[in-house]
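The values are calculated or read from the model by the stated rules, or taken from the named source; none is laboratory data. As the structure is a prediction and not an experimental result, all values here were calculated from the model. All Cβ positions, even for glycine, are placed from backbone atoms using ideal geometry, and neighbour counts span all protein chains on display.
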Amino acid sequence: MKKILFVAMGILTLNYANAQDPHFSQFFSSPLTLNPAYTGKFDGSFRVAGNYRNQWPTINNAYRTATLSADFGILQNRIPVFDTWGVGIMAMNDQSADRILNNNYIALSTAYHKALDENGYHVITVGFQGTYANKRLDITRAKFEDMLRADGFTGTTQEDFSNNTRNIVLNYADMNAGVMYSGSTNDNNNFYVGISSYHINRPSESFMGGNYVLNSRLTVHGGGYLPVAYRTTFHTSFIHQRQAGARETVIGGAFDFALNEDEDLAANLYAGAWYRFKDAVIPYIGIEFAGIRIGYSYDINSSSLSTASNRRGGNEISLIYIKKPSDPGRKKLNCPKF
């Protein structure tokens, strides 16, 4: 049983001491895992977003993370014209250590976006999110000391699983909140800054009756975009996160090349890179058409882990679809994009 406890502690240490919460290099394409204040913050009728990340694939499938979210505005005819009240739902699956630890989350969020001026150029937002978490630890997939042979972990463990410890399940409720300010000086630019806090209630997270408490995660993020040349716009963004003793800082940007001048059939190409300090360079390429933006990034590991990972940090793909407003005369909302 002590070996089981050791395995469980080891997985938790791997999952939280370094990576902490599941995260994406394309944080700008996963709005509801970044800040609840993003709920409903887009120019359209509704938004659907999906993300998939396979991190460190050469290290025994260390992490695989996928999300799917949808959000939209409500009561548009009953609130001021440039205000928005958004609601959304998000589902996430995160697998660690070759699926020994399997995490599932479902979250509901809401945010109110209050215009500060008569043209809707400056907006302040407050958002909240409630999450239900289900975590399963599959001991049968773990490798124990007495299984080690000359050709690897090919032996049979003498551990006794008769007490139904094959699958250990943990459930808890969580609370998150965030604020954000976004502004524009005209119809062609945007800038924003936000702060979010996840695990405000610090839920207990222990598989075997310990006293492990999930630490709060504080995130500061921001960015903006502005035209830099004919049919070319530059987008930039950054994120800084802290959780317990772990920190992450990412900054970068991408150029947006308009492939045509038809607003109804607009197509855009994105190319750029982000940098995660002391960890990885993250090239990014994306394409947008018919309200769909598809992005691909690849982490090129530059830290001391590069020996084990062969500099293969992780593949990541994102997809966002925004349904454009049906009213052609409606004023365009300049919202954060990256």
Worksheet, complete the sentence: Matching residues in segment 86-101 (crowded, with 18+ Cβ neighbours inside 10 Å, touching a strand residue (DSSP E or B) at 6+ places or on another chain (Cβ under 8 Å) and not acidic (Asp, Glu)) number 8
Worksheet item: Taking the stated definitions as given, is residue 254 of a type in the set (Gly, Ala, Ser), buried (at least 17 other Cβ atoms within 10 Å of the Cβ) and either modelled with pLDDT of 90 or more or outside any strand (DSSP E or B) (or both)?
Response: yes
Worksheet item: Give me the pairs: first residue in segment 65-81 and over 15 Å from residue 325 (Cβ atoms) and modelled with pLDDT of 90 or more, second residue surrounded by fewer than 16 Cβ atoms within 10 Å (Cβ to Cβ) and small (Gly, Ala, Ser), beta-carbon distance under 7 Å, and six or more apart or on different chains, which are they?
Response: 67/91; 68/91
Fill in: Hits in segment 155-181 - residues which are among the small types (Gly, Ala, Ser) and modelled with pLDDT of 95 or more
177, 178
Discussion item. Give all pairs with beta carbons closer than 9 Å in which a residue from segment 25-49 that is without any contact (Cβ under 8 Å) to a residue 60 or more places away in the chain meets a residue that is part of a loop (DSSP other than H, G, I, E, B); count only pairs at least 6 apart in sequence or on separate chains.
Written reply: 31/39; 31/41; 31/42; 31/336; 33/21; 33/22; 33/23; 33/24
Worksheet entry | Within segment 182-223, considering residues that are of a type in the set (D, E, K, R) and part of a loop (DSSP other than H, G, I, E, B), the one modelled with the highest pLDDT | 202
Practice prompt. Please list, ordered by first then second residue, the pairs with beta carbon atoms under 6 Å, 6 or more apart or interchain, first in segment 230-244 and part of a loop (DSSP other than H, G, I, E, B), second surrounded by fewer than 19 Cβ atoms within 10 Å (Cβ to Cβ).
Written response: 231/258; 244/215
Discussion item. Looking only at segment 286-325, how many residues end up being in a strand (DSSP E or B) and modelled with pLDDT under 65?
Written reply: 1
